[in-house]
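Please read the structure below before turning to the comments.
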Amino acid sequence: MTKIAEIKQRFEQDLSLCQTLLHLQDLKSKYLGKSGELTALLKGIRDLPAEERPVFGAKVNELRNQLESELAARTAVIKEEELKRRLADEKIDISLCDMQPWGALHPVTLVQNEICDLMIAMGFEVMSGPEIETDRYNFQALNIPFDHPARDMQDTFYLTDNLLLRTHTSPMQARYMERKKPPIKMICPGKVFRSDNDASHSPVFHQIEGLVVDKNVTLRDLKGTLEYLASHLFGQNTKVRFRPSFFPFTEPSVEVDLTCCNCGGKGCSLCKGTGWIEVLGAGMVNPYVLENCGIDSTEYNGYAFGMGLDRIAMIKYGIPDIRLLFENDVRLLRQFGK
Ligand code: PHE
């Protein structure tokens, strides 16, 4: 019996020193394992007189139960502590992300997205086309034959005699009409290229082409569409003005001006005192172009426009030099962040 009491006392002492689950496992096998102290004690039962054995056995079992329940209680406490420690150690501070500088959409992308959204709302399909074009789609299908003086309107980067960097998004008119039959309502945003470089011209810039082909389309449909677009881009009171112009692929052709969003039409430095800002070229699709693309021009007609996105972004955000759009100076770009 003294042995039992002595084991219990030592166990309590050992237990109070246990810090980890590993310690507890060692303790368990030291006292309760196959060659542990209690097992050894039980083996000693043989040396006792028969009448003392049951009492002794019961006492040892009682001790075993006691040790087991104390071990279990301590295990639960240590498990809880270890979990708390791990949660604290492995905590991920997601607010750290805020310290990274956020990216921002480029002003041209912002304007492009806004225009696409407005056009989609009016039922237009958004397409994209190749930046390297053939002479046929960039010029010939659009009624600009070889050696025609109208080619001089667009200083072209030729790759070969037949391949070039597209000078406008208009080739997508032809590509689209060849594949789809009217009614057609499509827009095509994208990069275009011309051999030009000054404060208002960049060798790469952006356009959005628009094309509608159906029966009985008129210039008034074009004007209504552009008025809707302009009033959403630059404000309710923006007016749209058509001036006669020339493009080989539209007849009649117009230059389209908007009232200056800076001065509201009174005249300022942005509109050079005129009150108007030119933003796009447009017109009724030339019947030759429809026929070139396999559409019967006696049955169908349409309108098309080509709008400079960079210019619209510059006007909308007050950017004075087009080259700023392509320098990727983060001080400019960050101003468009959240
Ligand atoms: N493609 C012409 C340009 O880049 C713009 C335009 C498009 C004009 C469609 C009329 C119709 O200058």
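The values are calculated or read from the model by the stated rules, or taken from the named source; none is laboratory data. None of the values given here were measured: they were computed from a predicted structure. Because the Cβ atoms are built from the backbone with ideal geometry, glycine has one as well, and the counts that use them run over all protein chains shown. Surface accessibility is based on the protein's heavy atoms, side chains included, excluding ligands, DNA and RNA. Shrake-Rupley method; radii C 1.70, N 1.55, O 1.52, S 1.80 Å.
Taking a ≥ b ≥ c as the square roots of the Cα gyration tensor eigenvalues, with a/c under 1.5 meaning rounded and otherwise prolate when a/b beats b/c, else oblate, which class fits segment 197-328? Prolate, since a/c reaches 1.5 and a/b exceeds b/c. Putting +1 on Lys and Arg Cβ atoms and -1 on Asp and Glu Cβ atoms, find which of A72, T20, G235 reaches farthest to the positive end of the dipole of the chain. Going by the Cα projections, it comes out as A72.
Once Rh for segment 1-87 is found with the Kirkwood sum over Cα pairs, what is the Stokes-Einstein diffusion coefficient at 20 °C and 1.002 mPa s, in µm²/s? Calculated translational D: 153 µm²/s. For K239, the residues whose amide H sits under 5 Å from its own are T259, ignoring neighbours fewer than 5 places away on the same chain, with H placed 1.01 Å from N.
Mean separation of Cα pairs under 8 Å and 6 or more residues apart, divided by the residue count, gives the chain a relative contact order of 15 percent. Near D296: Cβ cut-off under 12 Å, other residues only, Lys/Arg at +1 and Asp/Glu at -1. The net charge is 0. Computed over protein heavy atoms with a 1.4 Å probe, the carbon and sulfur contribution to the accessible area of the chain reaches 53%. Along the chain, counting only chymotrypsin sites (Phe, Trp or Tyr not before Pro) with a DSSP assignment other than H, G, I, E or B and at most 16 other Cβ atoms inside a 10 Å radius, the longest segment between sites is 158-325. Once C-alpha pairs closer than 8 Å and six or more residues apart are averaged by separation and normalised to the residue number of segment 244-335, the relative contact order reads 22 percent. Each part gets one Cα centre, and for segment 115-194 versus segment 269-338 those centres are 14 Å apart. Considering only GluC sites (Glu not before Pro) in DSSP loops that have at most 15 other Cβ atoms within 10 Å, the longest stretch of the chain without any of them is 132-298. Each Lys and Arg Cβ is given +1 and each Asp and Glu Cβ -1; about its Cα centre, the chain then shows a dipole of about 1000 debye. Using a/c under 1.5 as the rounded threshold, could you call segment 160-262 rounded, prolate or oblate? The axes a ≥ b ≥ c are square roots of the C-alpha gyration tensor eigenvalues, and prolate needs a/b larger than b/c, oblate otherwise. Verdict is oblate for segment 160-262. For trypsin sites (Lys or Arg not before Pro), the sites in segment 15-61 that DSSP calls loop and that have at most 16 other Cβ atoms within 10 Å are K34. Note on the chain: along the principal axes its Cα atoms extend 127, 47, 39 Å, ordered by decreasing extent. Each Lys and Arg contributes +1 and each Asp and Glu -1, all at the Cβ; summed about the Cα centre of segment 219-271, the dipole is approximately 200 debye.
Residue-wise HN-Hα couplings along segment 34-50, as the Karplus relation 6.51 cos²θ - 1.76 cosθ + 1.60 with θ = phi - 60° gives them from phi, are 4, 10, x, 5, 5, 4, 4, 4, 5, 4, x, 4, 4, 7, 8, x, 3 Hz; Gly and Pro carry x. Here's the list of lysines a cross-link from K79 could span, going by alpha-carbon distance under 28 Å and ignoring same-chain residues fewer than 8 apart: K8, K28, K30, K34, K91.
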